[in-house]
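Single-structure report; data block below.
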Amino acid sequence: MTKKNISFNDAIAEVEAILKKIESGVLDVDLLSKSVKRASELIKICQKKLRDAEVEIEKIFTESQKEQ
């Protein structure tokens, strides 16, 4: 069910949509577990993308400091 190349913004939007369904009570109890699992997967994807971006930015910053 996890999309391999989902963008950060798409993942956040999907998590927000899941949260709205949960908060509104529209989500069927039978689908609640699947929706929470999907939200968890999306959050992990976002966390990884943020960590990767942080590492890349740190590399760029370090390289620019060496050039000065």
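General observations
- Residue under evaluation residue 64, criteria (1) polar (S, T, N, Q); (2) open to solvent by 90 Å² or more (accessible area, probe 1.4 Å); (3) part of a helix (DSSP H, G or I), criterion not met: (2)
- Among the residues of the range 16-36, those identified as open to solvent by 80 Å² or more (accessible area, probe 1.4 Å) and not in a loop (DSSP other than H, G, I, E, B) are 16, 19, 20, 21, 23, 29, 30, 31, 33, 34.
The values are calculated or read from the model by the stated rules, or taken from the named source; none is laboratory data. Keep in mind that what you see is a predicted model, and the values were worked out from it rather than measured. Note: accessible area is taken over every heavy atom of the protein model, side chains too, but ligands, DNA and RNA are not part of it. Shrake-Rupley method; radii C 1.70, N 1.55, O 1.52, S 1.80 Å.
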